[in-house]
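For reference, the structure discussed in these notes is given below.
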Amino acid sequence: MITIQRYASTLLASSILALGLTGQAVAADLPGKGVKVQILQNTIAEATFQTLLVNKALAKLGYDAQAPKEIAPPTAHIAIANGDATLMADHWNPLHADFYSNAGGDTKLSRTGIYSDNSAQGYLIDRATAEKYKITNIGQFTDPKIAKLFDTDGDGKADLTGCDPGWGCEAVIEHQLTAFKLRDSVTHKQGSYSALIADTLARFKEGKPIFYYTWTPYWVSAVMQPGRDVVWLEVPFSSLPGTQSKLDTKLPNGRNYGFTVNQQHIVANKKFVDANPAAAKLFELMKLPMADINAQNMRMNQGENTPADIERHTNGWIKAHQATFDSWIAQAMAAAKK
């Protein structure tokens, strides 16, 4: 009996040792072992969720994934191109096309796969004012009487809750204010978008006219819903700056809201991608539905906005989509072995 017990104990110990060695071997085989990666994100907390998801996938492949750093998109593209950082997960195309080309384009950067699709942008006003004064187009703001309806500081000009400097959308807005001859009737309010849109929302709740720029995915359109609470404004004609200048912003249904529908990509340093086929495959495969980003952003707006909250949201998404996440990792691992 004692001999059998000793044999069983020896067998168990051998099994544990074997498992430990196997675990070490698997860890050693991870394609990212010993490779440090630095991910960047835009200077808005709502970009953290999609950024963390990429970071966690890279860590699963063995990469030494550093905590994300916030930096404005123009600088982020240059830092990644120069190798001072590795990647970003919130590159908007074509909104950030100039940032991409100015940083060296395809010779220094990699942009494959579509991480999130159908991101919309544009100008909106509250539905009550739109219906009362029959406002459907931002071109109507050249009329001082229309512009004055949205004046918040008493200067007679409409106050547009706009886009933070460096985000890319501010360049479009500034270009269009000139193109649509709105300089004398509209003031582009810039600063902290989070603070500005909070004030805009407060005005809406008070029943006052509001005029603002926003985008999807973001929580704003879940709180002030287009069609129910607010309406999108069309623009007089297509007009975009820089490399977007030849793009037509008119939609298939004939409406024109002034911005193209964007795709979000993971943009990475070209040398890093060439040297790391596992990461390259991961960036090509990862897809995050816009509805999921909207839902997570809404939770942040409702108070779950600490780093620990966002970490929990990201882990929760992975658990809810474990088969998809595991498939990304498996295919990335396979790519490293070819």
* Asked: Among the residues of the stretch 213-220, is any among the aromatic types (Phe, Trp, Tyr), assigned to a strand (DSSP E or B) and surrounded by 20 or more Cβ atoms within 10 Å (Cβ to Cβ)?
  -> yes
* Counting only residues that are more than 17 Å from Ile318 (Cα to Cα) and basic (Lys, Arg), which one in the stretch 35-76 is surrounded by the most Cβ atoms within 10 Å (Cβ to Cβ)? -> Lys69
* What residue, of Ala202, Ala278, Ala268, is closer than 30 Å to Gly104 by Cβ and more than 19 Å from the chain's Cα centre (by Cα)? -> Ala278
* Just for helices (runs of 4 or more DSSP H) wholly inside the stretch 97-179: which have at least 3 residues that are closer than 20 Å to Gly242 by Cα and not aliphatic (A, V, I, L, M)? -> 97-102, 169-179
* Asked: Which of (1) at pLDDT 95 or above; (2) outside the structural domain of Ala79 (by TED's automatic domain parsing); (3) more than 25 Å from Ile197 (Cβ to Cβ) is the odd one out, the single condition Asp274 does not satisfy?
  -> (2)
* **Any hit, the stretch 195-206, residues being in a loop (DSSP other than H, G, I, E, B), among the acidic types (Asp, Glu) and in contact with a strand residue (DSSP E or B) (Cβ under 8 Å, 6 or more places away or on another chain)** => no
* Structure fact -> Of those in the stretch 148-203 that are among the polar types (S, T, N, Q) and under 27 Å from Ile71 (Cβ atoms), the residue surrounded by the most Cβ atoms within 10 Å (Cβ to Cβ) is Thr161
* Of all residues in the stretch 288-338 being of a type in the set (Lys, Arg) and either more than 23 Å from Met224 (Cα to Cα) or touching a strand residue (DSSP E or B) at 6+ places or on another chain (Cβ under 7 Å) (or both), which is modelled with the lowest pLDDT? -> Lys338
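Table: residues versus (1) at pLDDT below 95; (2) closer than 25 Å to Ala295 by Cβ.
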position	(1), (2)
Ala179	no, no
Val186	no, no
Lys189	no, no
Thr200	no, yes
Lys205	no, yes
Pro209	no, no
Tyr212	no, yes
Pro217	yes, yes
* Name every residue in the stretch 71-97 that is touching a helix residue (DSSP H, G or I) at 6+ places or on another chain (Cβ under 9 Å) and either modelled with pLDDT under 95 or among the small types (Gly, Ala, Ser) (or both), in order of residue number. => Ala76, Ala81, Gly83, Ala85, Ala89, Ala97
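The values are calculated or read from the model by the stated rules, or taken from the named source; none is laboratory data. These numbers come from a predicted model, not from an experiment. For neighbour counting, all protein chains shown are included, and Cβ atoms are generated from backbone atoms with ideal geometry for every residue, glycine included.
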